[in-house]
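Derivation of every value follows stated rules applied to the coordinates shown; laboratory data play no part. All values derive from a computational prediction rather than experimental measurement. Cβ placement follows ideal geometry from the backbone for every residue including glycine, while neighbour counts extend to all protein chains displayed.
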Amino acid sequence: MIEDDDQPVVAPRPVQLGTDLELRLAGADDVEAMRDVEVDAGRRFRDLPGGLAEIADDDPPAVDVLLANIDNGTAWVVVDRATGAVLGYALASMLDDEAHLDQLSVRESAGRRGIGSALVEAACAWAVSLGFSAITLTTFRDVAFNGPVYARMGFVELAPVDLGPELQLLRDLEQDIGLDVAPRVAMRRRLTGA
């Protein structure tokens with residue numbers, strides 16, 4: 001992968017959640033709640049223009065996919081301390097010798113409370129703990145709660161020539177399954193502490 005010397009290097013930043021919320025590694029007993037969060041979060045796409053309504057009807061991640069991430073220690077949840085309800089989750093993996101944020105979903109009713117940011121930073125901290133110097137993701141460039149949010153968190157859009165072979169395969173798969181209904185991009189955040 002081509003290193004972009006102009007891209008800022010950003011250390012993971014702990015996000016202060018309210019005392020009513022807890023960020024932790026996901027467990028097997030969280031799987032159905034994580035799937036429910038995905039369905040709920042997808043509903044935000046229903047009213048967006050440009051064919052994005054189809055996203056609202058996508059199936060949540062398969063149980064075996066979530067369990068594999070849980071077993072690997074690459075699944076995090078934010079829960080309501082009082083009720084135990086899962087309000088958001090994130091999944092990560094490795095692509096092209098870099099960390100990759102596979103999925104981030106937050107219940108619509110729990111938005112704007114720092115949950116998504118806390119989950120991104122947890123994935124970044126995991127990446128740094130393993131010695132990775134960057135984390136990548138794919139997202140919708142122009143959806144207000146996607147690309148612009150990640151850009152504010154230090155992610156920079158990658159040109160197609162800058163994609164490693166595994167990230168390119170992921171982008172090809174996204175196109176093959178029809179996820180490119182709106183401009184979709186790969187982004188990367190360089191990390192310090194690695």
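Is at least one residue of region 150-173 polar (S, T, N, Q) and under 17 Å from Q16 (Cα atoms)?
Checked against the condition, which is being polar (S, T, N, Q) and under 17 Å from Q16 (Cα atoms), region 150-173 yields no hits at all.
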Can you find even one residue in region 155-169 that is assigned to a helix (DSSP H, G or I), hydrophobic (A, V, I, L, M, F, W, C) and surrounded by 18 or more Cβ atoms within 10 Å (Cβ to Cβ)?
-> yes
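Looking at region 32-91 only, could you name the residues that are of a type in the set (V, I, T) and within 18 Å of N146 (Cβ to Cβ)? Outline the logic, then answer.
Pass one, region 32-91, residues of a type in the set (V, I, T): 37, 39, 55, 63, 65, 70, 74, 77-79, 83, 86.
V37, V39, I55, listed by residue number.
Considering only region 137-154, state which residues are part of a helix (DSSP H, G or I) and farther than 18 Å from L91 by Cβ. Quick ask: steps written out before the conclusion?
Of the residues in region 137-154, the ones part of a helix (DSSP H, G or I) are 147-152.
Across region 137-154, the qualifying residues are G147, P148, A151, R152.
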Could we say that P60 is without any contact (Cβ under 8 Å) to a residue 60 or more places away in the chain and either in contact with a Lys or Arg (Cβ under 8 Å, 6 or more places away or on another chain) or among the polar types (S, T, N, Q) (or both) here?
-> yes
Taking region 124-136, which residues are surrounded by fewer than 22 Cβ atoms within 10 Å (Cβ to Cβ) and assigned to a helix (DSSP H, G or I)?
-> A125, W126, V128, S129
Looking at T139, T192, which one is surrounded by 15 or more Cβ atoms within 10 Å (Cβ to Cβ) and of a type outside the set (A, V, I, L, M, F, W, C)?
-> T139
Selected residue [among the β-branched types (V, I, T) and more than 12 Å from the chain's Cα centre (by Cα)] from V185, V120, V149 | V185
